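Colleague: Supplied in structure tokens, the structure appears directly below.
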Amino acid sequence: MDVKIGCTGWSYKGWIGPLYPKTMPSTDYLKHYAKTFDITEINSTFYKIPLPYTTKKWFDNTQENFIFTAKLPKQITHDARLRPGPYLDQFLGSIKPLGSKMKILVIQFPPSLSFEEAEKNLDKMVNHLPENYRYAIEGRHPSWFTESSYRFLSDRKLCLVWNEVQGVLNPAHATTDFVYLRLIGDRSIPEEKFGTIQKDQKESINKWVQRLDEIKNKVSLAVVMANNHFEGFSPHTANKLRLALDLGEITWYGKDQVKLF
């Protein structure tokens, strides 16, 4: 099983100092991030569809083997609740400049959207989506963790996201040959604290590492994305995961300012 570990986003003020030199312009953040990590989740696409000019810059600022994943805009998943509209094609056009570096699209649903409500429109959307991407479905309503949902997703080769997020009891069922784990937390850590460790989530990390070990011979790829809200500084969380999975520790600018344990 190939394991890819990264962070949900890369442009945070709290990372100035712990990760980015204080004199570094924000336009160089991704290039600097990509010297340490080989994957990131573009969380900002959930809030705003980027311009193709912007995504072309992201492509140019990362190495050849770098991997992007991205969240579908909330206009599609939350506001329209998967009903047809213009935003999907606009979004797909915006990420085209990322070329083969764009691998997985994350389709996150609000807790109020059940599998039964989403099933019909999701089925239509899947037939419209490009075949060159993989898709990860993040359902937060309990109905997504049922046999009928598992069958639906498996038949369409859609990955059911594993997550650690407040209010969701996720049994971590694998529906495809890859898994996608999002470590989000309870969002109690304010943005002004990003870049410093506010919580020790070692117990939770060990739980997910054990689950990954259980399916290591059943899937070909595991993607793990850490959010700042989980512990306070997602690069730190990513490193703890790497160590727990025996992947080796990574280093970055200012790393001595953060203790792993």
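The values are calculated or read from the model by the stated rules, or taken from the named source; none is laboratory data. Just so it is clear, the structure is predicted and the values come from calculations on it, not from any experiment. Virtual Cβ from ideal backbone geometry, glycine too; neighbours counted across all protein chains shown.
Colleague: Kindly list, by first and then second residue, each pair from a residue in region 61-85 that is touching a residue at least 40 places away in the same chain (Cβ under 8 Å) and more than 23 Å from TYR180 (Cβ to Cβ) to a residue that is surrounded by fewer than 19 Cβ atoms within 10 Å (Cβ to Cβ) and polar (S, T, N, Q), limited to pairs with Cβ atoms under 8 Å and residues at least 6 apart or on different chains.
Modeller: Note: pairs meeting the criteria are PRO84/ASN121.
Colleague: With the structure loaded, tell me whether GLU203 is in contact (Cβ under 8 Å) with a residue 40 or more places away in the chain and either among the basic types (Lys, Arg) or more than 15 Å from TYR135 (Cβ to Cβ) (or both) or whether it fails that test. Write out each step before concluding.
Modeller: Details: in contact (Cβ under 8 Å) with a residue 40 or more places away in the chain: no; either among the basic types (Lys, Arg) or more than 15 Å from TYR135 (Cβ to Cβ) (or both): yes.
No, not satisfied.
Colleague: Would region 219-226 turn up any residue that is modelled with pLDDT of 95 or more and exposed (fewer than 13 other Cβ atoms within 10 Å of the Cβ)? Working first, answer last.
Modeller: Applying the first criterion (modelled with pLDDT of 95 or more) to region 219-226 yields 219-226.
Narrowing further to those that are exposed (fewer than 13 other Cβ atoms within 10 Å of the Cβ): 220.
Among the residues of region 219-226, at least one is modelled with pLDDT of 95 or more and exposed (fewer than 13 other Cβ atoms within 10 Å of the Cβ), which makes the answer yes.
Colleague: If you check every pair at least six apart or on different chains, which have Cβ atoms under 6 Å apart with a residue in region 187-200 that is within 21 Å of VAL168 (Cα to Cα) first and a residue that is modelled with pLDDT of 95 or more second?
Modeller: From region 187-200, the pairs are ARG187/HIS229; ILE189/GLN198; ILE189/HIS229; ILE189/GLY232; LYS199/GLU231.
Colleague: Take ARG211 and tell me if it is surrounded by fewer than 23 Cβ atoms within 10 Å (Cβ to Cβ), assigned to a helix (DSSP H, G or I) and touching a Gly at 6+ places or on another chain (Cβ under 7 Å).
Modeller: When the stated conditions are applied, ARG211 does not pass them.
Per-residue answers, yes or no, for (1) at pLDDT 95 or above; (2) farther than 17 Å from PHE109 by Cβ; (3) part of a strand (DSSP E or B):
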position	(1), (2), (3)
ILE137	yes, no, yes
ALA172	yes, yes, no
SER188	no, yes, no
GLU192	no, yes, no
THR196	no, yes, no
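Colleague: When only residues in region 84-125 that are under 18 Å from the mean Cα position of the chain (by Cα), of a type in the set (A, V, I, L, M) and part of a helix (DSSP H, G or I) count, which is surrounded by the fewest Cβ atoms within 10 Å (Cβ to Cβ)?
Modeller: Going through the qualifying residues, I end up with LEU92.
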